[in-house]
Amino acid sequence: MSGGDIEKDILGQVEFYFSDENLITDKFMNENLKSKGGLSLDTLMTFKRMKRFDLKAVEDALSHSDVLNVKDGFISRIKPAPSTDDLENLKKELNSRTIVLKDIPLNADLDQLQQAFGSTGAIQIRIKKNGVVFLVFRSVEDVEIFLKNDIKFQGQNFEKMTFEEYEKTNYKKQSNKNGRKNDSRNRRGRNNKFSRNSGGSRGDLRKDTDNANDKSETKPADEKTSEKPPVVENAEVKPSENKNASEAETK
């Protein structure tokens, strides 16, 4: 890659970090711009996609930026960062220029996607871990053209939809997921309720079993008792009877 290409690559990457489009979703950059007014060059160089560049090359490239200022190792925007309300409005406008791709290979990286879709008018690419990719275009017209064209990635087809369609699909899935969770909770609740009843029944059964065991254990004792008491009773009663009889006779 030539020096000019490297500078172009650096400027494109860093200016994107500070852009309105990125601030909509990038909480770290948004918080730094709000609290500090920018970002230190040292912090910037810790970003994953900046580690491939030399610090001196980054400093030289940023000195030619039309949208960023660099002073004493600190980078700031020439144009003030948008307010929270402005970002919310920008988000809606950005979503209207966003296409969502599904079924993209999970091992696809940003460079491959940029190479495949960079010439289609996409100005921003975001990858989610589940094979979903977000492409932000310059205009709604570019979005319409992209949707009409038969475009493949690495020779494979993929599903594409507007952000609005994606949100509806995602909302339905989330609703179904929440519904399944609620059903699962209800089932667990019913099972728990049933378990409590069953637990009570099992408790009763355990009691019955214990009683049965008691009976089974006491039966031998009862048998012994049934054998011994008559003997004992006879032994005890007879003398009493004899005693009473003798007393009666005495009287």
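Restricting attention to the stretch 20-45, which residues are small (Gly, Ala, Ser) and surrounded by fewer than 18 Cβ atoms within 10 Å (Cβ to Cβ)? Working first, answer last.
Step one: of the stretch 20-45, the residues small (Gly, Ala, Ser) are 35, 37-38, 40.
SER35, GLY37, SER40 - these are the residues of the stretch 20-45 that are small (Gly, Ala, Ser) and surrounded by fewer than 18 Cβ atoms within 10 Å (Cβ to Cβ).
From the list ALA61, ALA57, pick out the single residue that is touching a residue at least 12 places away in the same chain (Cβ under 8 Å), among the small types (Gly, Ala, Ser) and out of contact with any Leu (no Cβ under 9 Å at 6 or more places or on another chain).
Only one candidate qualifies: ALA57.
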Looking only at the stretch 96-111, which residues are part of a loop (DSSP other than H, G, I, E, B) and either among the charged types (D, E, K, R) or in contact with a Leu (Cβ under 6 Å, 6 or more places away or on another chain) (or both)?
ARG97, ASP103, ASP109
Consider the stretch 20-41. How many of its residues are in contact (Cβ under 8 Å) with a residue 24 or more places away in the chain and either outside the structural domain of ALA57 (by TED's automatic domain parsing) or in a loop (DSSP other than H, G, I, E, B) (or both)?
4
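I'd like to check something: does the stretch 42-65 contain any residue that is in a strand (DSSP E or B) and not charged (D, E, K, R)?
Taking the stretch 42-65 and keeping what is in a strand (DSSP E or B), we get none.
Taking every residue of the stretch 42-65 in turn, none turns out to be in a strand (DSSP E or B) and not charged (D, E, K, R).
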Hey, can you tell me all the residues within the stretch 65-82 that are surrounded by fewer than 12 Cβ atoms within 10 Å (Cβ to Cβ) and either within 15 Å of MET29 (Cβ to Cβ) or touching a residue at least 40 places away in the same chain (Cβ under 8 Å) (or both)?
LYS79, PRO80
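Only residues that are of a type in the set (Gly, Ala, Ser) and under 15 Å from GLY12 (Cα atoms): list them for the stretch 40-64, please.
Keep residues of the stretch 40-64 that are of a type in the set (Gly, Ala, Ser), which gives 40, 57, 61, 63.
Within the stretch 40-64, ALA57, ALA61, SER63 meet the criteria.
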PHE53 vs (1) farther than 30 Å from ASN95 by Cβ; (2) among the aromatic types (Phe, Trp, Tyr); (3) within 26 Å of the chain's Cα centre (by Cα): all pass except (3)
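The values are calculated or read from the model by the stated rules, or taken from the named source; none is laboratory data. Everything quoted here is computed from the prediction, not taken from an experiment. Ideal geometry is used to build each Cβ from the backbone, glycine not excepted, and the neighbour counts take in all protein chains shown.
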